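Okay, handing you the structure first.
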Amino acid sequence: MSVRSRSVAVAAVALLATLVARPVSAHVDYVTEDSGDPLDAVAFTVEVLSDPFNAAVFAGSGLLAVAGLAAYLWVRPTILDVVVLRETLAGYADLVPWMLRLAVGLPLVGAGFQGYLFAPTLSFDPSASPLLRVLFIGLGFFVLFGLATRIVSTVGLVTYAWVFLAVDPGVVIAMEYVPALVALVLLGGGRPSADDMLLEVASTPGSYYGRIDPVHHLKAFLDETTVPLSRYVPTVLRVGMGVTFVYLGLIEKLADPGRALLVVEKYDLTSVVPVDPGLWVVGAGVTEIAVGLALIVGFFTRGAAALSFVLFTTTLFGLPDDPVLAHVALFGMASAVFTLGSGPLAFDRWVGRPALDDESVIPAD
């Protein structure tokens, strides 16, 4: 079989596995108001997989996914397109802070105007809490402009911790803010940003602004101090995103099948893929956990990030009342992980293979 034929076959297998086990990747709490019938999670899963047809579809989808992944890892070093894509993405690394600022700043502004604490399920009355509203809008705009990015991101992390500890631990449903803000603390505003622009003007000898802005010395110091840590940003992002996926699959799907079944029923998902509703829930949960674990350990990282981006997009088109702003941070994180790859401390670094004309090992992400 030629390389082109093998590539087409692998793509077809991956697409089939994705369609068969496509999960309901939305936050269940965002699209349901009722908690559903109380169901024992373990008994529910056992009952679903006890059906021979469900078991065959579930096992077959898993085997197809594993076989497709193994085939891709085998032929990948012979595909020039992948090498060129990796090199192109490496040139976008300096834009990652900008991606993350957009992904975090926009939903924070939206949270302030609409009146919720990070997650749409944690609402507050903006007219009764004007300072809280100003806080979220201010955080969002400062992050968007890239002004005092590290300081503002730290304030954002402290605010998230306050909501979690003092207001409602349910804010964990929006945990994607944490790795994104940590990454901005390490990277700063990047380019383009107000921080970079003001630093350039202030550090130029003879500039008027440089005489009245003592803060640019702190900015330069922080840039130099965080350089050694910035290499771990891909690790922070992929692990944070992976934990989010595991939470979606384990806590919102497998551990709460009653509410997940409501989503399947509400959007008539069995008409999209005609399988048992219980298999939808189990398949969604297991798939999201698998994607999450792959991101956490750093295995097939860019592939997992690309798949997650497709799932988020499918969710927005398939679930019309799912709050768009609630997923913007996840979109940004997926884009950043796809751009940066696995980074250090990743399994991809151990399973890479040499490219065609280069003996150096290329990671498998």
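The values are calculated or read from the model by the stated rules, or taken from the named source; none is laboratory data. As the structure is a computational prediction, the values presented were derived from the model and not from experiment. With ideal geometry, Cβ positions are generated from the backbone for all residues, glycine too; neighbour counts draw on all protein chains shown. Areas reflect the complete protein model, heavy atoms only, side chains present, ligands, DNA and RNA absent. Shrake-Rupley method; radii C 1.70, N 1.55, O 1.52, S 1.80 Å.
Of the residues Gly110, Gly115, Gly68, which is in contact (Cβ under 8 Å) with a residue 12 or more places away in the chain, in contact with a strand residue (DSSP E or B) (Cβ under 7 Å, 6 or more places away or on another chain) and open to solvent by less than 40 Å² (accessible area, probe 1.4 Å)?
Values: Gly110 fails: in contact with a strand residue (DSSP E or B) (Cβ under 7 Å, 6 or more places away or on another chain); Gly68 fails: in contact with a strand residue (DSSP E or B) (Cβ under 7 Å, 6 or more places away or on another chain).
From the options Gly110, Gly115, Gly68, the qualifying one is Gly115.
Only one residue in Ala59, Ala71, Ala67 is closer than 18 Å to Ala284 by Cβ and either assigned to a helix (DSSP H, G or I) or touching a His at 6+ places or on another chain (Cβ under 8 Å) (or both). Which one?
Criteria check complete, one pass: Ala59.
Quick check, is Val227 over 17 Å from Leu293 (Cβ atoms), open to solvent by less than 40 Å² (accessible area, probe 1.4 Å) and of a type in the set (A, V, I, L, M, F, W, C)?
Working: over 17 Å from Leu293 (Cβ atoms): yes; open to solvent by less than 40 Å² (accessible area, probe 1.4 Å): no; of a type in the set (A, V, I, L, M, F, W, C): yes.
Answer is no for this residue.
What residue, among those in segment 201-221 that are open to solvent by 50 Å² or more (accessible area, probe 1.4 Å) and under 32 Å from the mean Cα position of the chain (by Cα), is modelled with the highest pLDDT?
Phe221
Scanning for something surrounded by fewer than 19 Cβ atoms within 10 Å (Cβ to Cβ) and under 30 Å from Ala306 (Cβ atoms), does segment 119-140 turn up at least one residue?
Yes: one or more hits.
Would a scan of segment 191-198 turn up a residue that is surrounded by 17 or more Cβ atoms within 10 Å (Cβ to Cβ) and either part of a loop (DSSP other than H, G, I, E, B) or within 18 Å of the chain's Cα centre (by Cα) (or both)?
Checked against the condition, which is being surrounded by 17 or more Cβ atoms within 10 Å (Cβ to Cβ) and either part of a loop (DSSP other than H, G, I, E, B) or within 18 Å of the chain's Cα centre (by Cα) (or both), segment 191-198 yields at least one hit.
If the requirement is being modelled with pLDDT of 90 or more, under 25 Å from Tyr177 (Cβ atoms), β-branched (Val, Ile, Thr) and out of contact with any Lys or Arg (no Cβ under 7 Å at 6 or more places or on another chain), which of these qualifies: Thr313, Thr244?
Answer to the selection: Thr244.
Out of everything in segment 162-178 that is open to solvent by 10 Å² or more (accessible area, probe 1.4 Å) and closer than 17 Å to Ala329 by Cα, what residue ends up being modelled with the highest pLDDT?
Checked segment 162-178; the qualifying residue modelled with the highest pLDDT is Val178.
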